[in-house]
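Input: a single structure, listed below in structure tokens.
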Amino acid sequence: MGFPSKDSIAAEFSFTFEWGDLKLCTSGRPNRVTNPVFKLSNIPEGTVLLKFKMTDLKVRNYNHGGGKMEYNGETIIDSGAFKYKSPCPPNGSHKYEWRIRAYDANDDKIGSAKFVRKYPE
């Protein structure tokens, strides 16, 4: 029994981001800010919509929000695509997870990716 060829293995949907010029916030009262720049890789074929959501992994029930946008093949999502409530941990650094879900024309979820980063770093 052989292994599948490298070409037949689909690469996994993934992304990275940087906090960028986000104003330092450690008061526990988040600011409404524009999204960071996201660099996408291996977006599922057939994707027409991306939905973004940020979660504080120490305070999961707080809704930082996110956004959604039509997907037209871009691999970089610039700041300004949507607004959300910034990270703003009151006691030290927290880990934050951004999750991006990909949807097709039938509004079926066809992929999901997440990336975790501390704030402040």
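The values are calculated or read from the model by the stated rules, or taken from the named source; none is laboratory data. These figures come from a predicted structure and were not determined experimentally. We place every Cβ from the backbone using ideal geometry, glycine too, and count neighbours over all the protein chains shown. Each accessible area value is taken on the protein alone, full model and side chains, heavy atoms only, with ligands, DNA and RNA left out. Shrake-Rupley method; radii C 1.70, N 1.55, O 1.52, S 1.80 Å.
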Just need a number here: residues in region 30-64 that are assigned to a loop (DSSP other than H, G, I, E, B) and within 11 Å of the chain's Cα centre (by Cα).
3
Restricting the first residue to region 102-121 and requiring it to be under 26 Å from Ser27 (Cβ atoms), which pairs with a second residue that is open to solvent by 80 Å² or more (accessible area, probe 1.4 Å) and part of a loop (DSSP other than H, G, I, E, B) meet a Cβ separation below 7 Å and a spacing of at least six or different chains?
Pro120/Leu24
What about Ser27, is it touching a strand residue (DSSP E or B) at 6+ places or on another chain (Cβ under 9 Å), open to solvent by 30 Å² or more (accessible area, probe 1.4 Å) and among the hydroxyl-bearing types (Ser, Thr, Tyr)?
no
Glu74 fails exactly one of (1) more than 27 Å from Pro120 (Cβ to Cβ); (2) of a type outside the set (Val, Ile, Thr); (3) not in a loop (DSSP other than H, G, I, E, B), namely (3)
Scan region 50-65 for residues that are free of Cβ contacts under 8 Å to residues at least 24 places away in the same chain and open to solvent by less than 30 Å² (accessible area, probe 1.4 Å) and jot them down.
Gly65
Within region 82-102, residues open to solvent by 30 Å² or more (accessible area, probe 1.4 Å) and at pLDDT 95 or above come out as Lys83, Lys85, Lys95, Arg99, Arg101
Considering only residues that are small (Gly, Ala, Ser) and crowded, with 17+ Cβ neighbours inside 10 Å, look in region 103-121 and name the one that is farthest from Pro36 (Cα to Cα).
Gly111
Filter result for Thr47 (touching an Asp or Glu at 6+ places or on another chain (Cβ under 8 Å), of a type in the set (S, T, N, Q) and either free of Cβ contacts under 8 Å to residues at least 60 places away in the same chain or open to solvent by 30 Å² or more (accessible area, probe 1.4 Å) (or both)):
no
